[in-house]
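The values are calculated or read from the model by the stated rules, or taken from the named source; none is laboratory data. Model, not experiment: these values are computed from the prediction. Cβ sites come from the backbone with ideal geometry, for glycine too, and all protein chains shown count toward neighbours.
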Amino acid sequence: MLKGKNAVVTGGSRGIGEAIVYKLAALGVNVAVIYAGNKAAAENVCNKCKQEYGVEAKAYQCDVANFAATKETVAKIKADFGMVQILVNNAGITRDGLIAMMKEEDYDAVLDTNLKGAFNMIRHLSGLFIKGREGCIINITSVSGIMGNAGQCNYSASKSGLIGLTKSVAKELAPKGIRCNAVAPGFIVTDMTDDHTDNPLLKMIPLGKMGETDDVADAVAYLAAAKYVTGEVLRVDGGIAM
């Protein structure tokens with residue numbers, strides 16, 4: 001069903017994004033991997049996609065928070081891949097801190113990357129989706145955007161905003177045959193969560209453990225193929241936000 005399609009994955013050089021790239025590649029999807037700074041890691045991901053899964057893969061450096069830069073990157077992807085059918089907005093950062101002491105630049109940086117970055121990518125790729133009358137947008141949000149998390153007001157705000165963006169885009173683009181959904185991971189084992197292993201919230205997970213990046217990738221693969229699902233927020237959280 002997905003074989004031969006082209007996907008763009010932001011933040012695709014490590015963690016959840018890397019797992020998503022491999023999952024799509026394993027299903028025969030060609031992948032444009034957008035990374036922030038680690039070129040070697042992104043190139044390694046692309047090489048594995050080519051060698052192990054036999055698909056086309058290319059890395060693009062881009063600050064997704066930059067409107068002009070994302071427009072330029074999308075133009076390069078279009079030139080290299082032609083049409084694009086799948087967009088996964090995974091790029092995200094954290095700048096945790098208590099609200100009473102949070103710096104303005106830390107709040108802005110998280111909102112710019114996590115929320116505006118997704119808007120930028122959707123904005124610049126929507127024309128291709130509309131032209132092809134086919135498109136699947138999957139935004140990686142978080143349970144922090146559903147239930148909030150102390151010390152993460154910026155991150156929670158960005159991820160909650162991403163849910164609102166998802167639902168609005170889903171309604172707006174549905175008549176054009178374009179779907180937009182979100183995946184809300186809970187505590188997933190990545191380099192972003194290494195320092196949260198003693199978080200008391202872990203005791204609140206009904207399944208009693210943190211998730212794996214492949215768990216999120218599986219959800220993305222499902223939504224990429226689910227032709228009658230749009231505007232949905234699929235939690236992958238061990239039950240913590242139910």
- Test for Ser156: is it over 20 Å from Asp96 (Cα atoms) and either basic (Lys, Arg) or assigned to a helix (DSSP H, G or I) (or both): no
- Query: Name the residues in region 70-85 that are farther than 12 Å from Asn6 by Cα and either touching a strand residue (DSSP E or B) at 6+ places or on another chain (Cβ under 9 Å) or of a type in the set (Lys, Arg) (or both), would you?
  - Reply: Thr70, Lys71, Thr73, Val74, Lys76
- Query: Could you list, in sequence order, the residues of region 107-144 that are among the acidic types (Asp, Glu) and within 15 Å of Val88 (Cβ to Cβ)?
  - Reply: none
- Item | Residue list for region 126-147, filter: buried (at least 23 other Cβ atoms within 10 Å of the Cβ) and among the aliphatic types (A, V, I, L, M) | Ile137, Ile138, Ile140, Val143
- Item | Scan of region 157-207 for residues that are modelled with pLDDT of 90 or more, over 18 Å from Gly92 (Cβ atoms) and hydrophobic (A, V, I, L, M, F, W, C), ordered by number | Ala170, Leu173, Ala174, Ile178, Ile205, Leu207
